[in-house]
Amino acid sequence: MEDVVVLHAKALNVDRISCLQLMSRAPEIAHHLGYAPGGIQKGSRASMGMSREARAFGGGVPSMELGGVTASLQSIGASGTIKPEAKRAIAAALRKVGILADGDHVAAMQDRRQLVVVEVPRYFESREDELPLLVDYKVGGFNHQRAEEMLQESRLWDTRDDCHCECSLDADRTLQISRMQRIENMKVFEKFKLYEASVADDLRRRRQNHASPVYGMHPWLERLASKNGLSSVSNTVYLLHGTAARNLAEIRKEGLHSKFSLHGSQSYGQGLYFTVNSCKAFQYAGDGGCILVCRVVLGKVEVLPSECGARFFARPPAHSAKAQAGYTRRQNAVQVHDEYIVFSGDAVYPEFVLHVA
């Protein structure tokens, strides 16, 4: 499914596509373009894409065997999968126009299957066949206290002791946690671990130095990462993500979805955004909202020079992007917080929920 958007690459502002990035995102891209179980949506970019393809081939849409992508996108929209013959046909088109690097193409077309042993955290209480759990931590207990300290100490301050970001968080306000919970969803965790292993394998294959330090990480999150065995090979770290409380039920059930970002206006691409600063996370959580402590696979990180709101993927060979404080340009200003962007929900496991009082 990683080779399905060649026809729409220009519309998606994609000049190179990583097979790894597309593997978990092709179905939602197909739906976003207008391909759905009910057929092509009237007036959508999908129907426009079909028209362009028809004109390009003299009025006829070629079959999948000849490299046409319209039928393949329809198939993915209906089933969420793509057949091997469609993969091979579209791969030829991708290679011809130079959208995929040869190395990525060859690796994807080999249909490799990697067996990954998913080691479940020792502190998980759920089992594989159980529904997702929300496990409560003791109010005032060790983890509850450390989490509150992290929220207060990871705020970004300026010389006036006011918060830098747009959340209008008063300098004298202490962020308190009314409730701390742990999400245990074996289905989402397994997808995350498989993605993590794929990134690690990709980095080993490329023999690239993927180390990209996450500056400003709170010591508690660093210790937590070490204690819980987050993968340094894939550059997996704990980062913060703010969201409204009404989204928690869906996140508990399905994890964080990058598909929701397809419908909004984003400064640095249509992905999932994370930060090390609690004030930035609070901007999206708000009073009564939730700040999620998430495992995030960063892999090789691309530092962005400026805004790129129409982007759907990290630029290969990177697996994620970073808007860097003091460097990345945003409109007529410079980025204030470090923000990390991943473009696949599989790159994230939302593990801890901090209900902000």
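Looking at ALA281, ALA310, which one is of a type in the set (A, V, I, L, M, F, W, C) and crowded, with 24+ Cβ neighbours inside 10 Å?
Working: ALA310 fails: crowded, with 24+ Cβ neighbours inside 10 Å.
Testing whether each residue is of a type in the set (A, V, I, L, M, F, W, C) and crowded, with 24+ Cβ neighbours inside 10 Å leaves just ALA281.
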From the residues in segment 225-247 that are more than 20 Å from ASP346 (Cβ to Cβ) and touching a residue at least 40 places away in the same chain (Cβ under 8 Å), which one is nearest to the chain's Cα centre (by Cα)?
-> GLY242
Might you check whether a residue that is over 22 Å from SER126 (Cα atoms), surrounded by 21 or more Cβ atoms within 10 Å (Cβ to Cβ) and polar (S, T, N, Q) occurs anywhere in segment 210-228?
-> no
When residues of segment 186-211 are filtered for being more than 17 Å from the chain's Cα centre (by Cα) and small (Gly, Ala, Ser), how many remain?
-> 1
With the condition kept exactly as written, say whether any residue in segment 138-146 is modelled with pLDDT of 65 or more and among the aliphatic types (A, V, I, L, M).
-> yes
Residues of segment 286-307 being crowded, with 24+ Cβ neighbours inside 10 Å and not in a strand (DSSP E or B), in sequence order, are LEU298, GLY299
Tell me which of these HIS355 doesn't satisfy, since it passes every other one: (1) outside any loop (DSSP other than H, G, I, E, B); (2) crowded, with 18+ Cβ neighbours inside 10 Å.
-> (2)
Is it true that some residue in segment 258-281 is closer than 24 Å to LEU131 by Cα, in contact (Cβ under 8 Å) with a residue 40 or more places away in the chain and of a type outside the set (Phe, Trp, Tyr)?
-> yes
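The values are calculated or read from the model by the stated rules, or taken from the named source; none is laboratory data. Since this is a predicted model, take the numbers as computed values, not measurements. For neighbour counting, all protein chains shown are included, and Cβ atoms are generated from backbone atoms with ideal geometry for every residue, glycine included.
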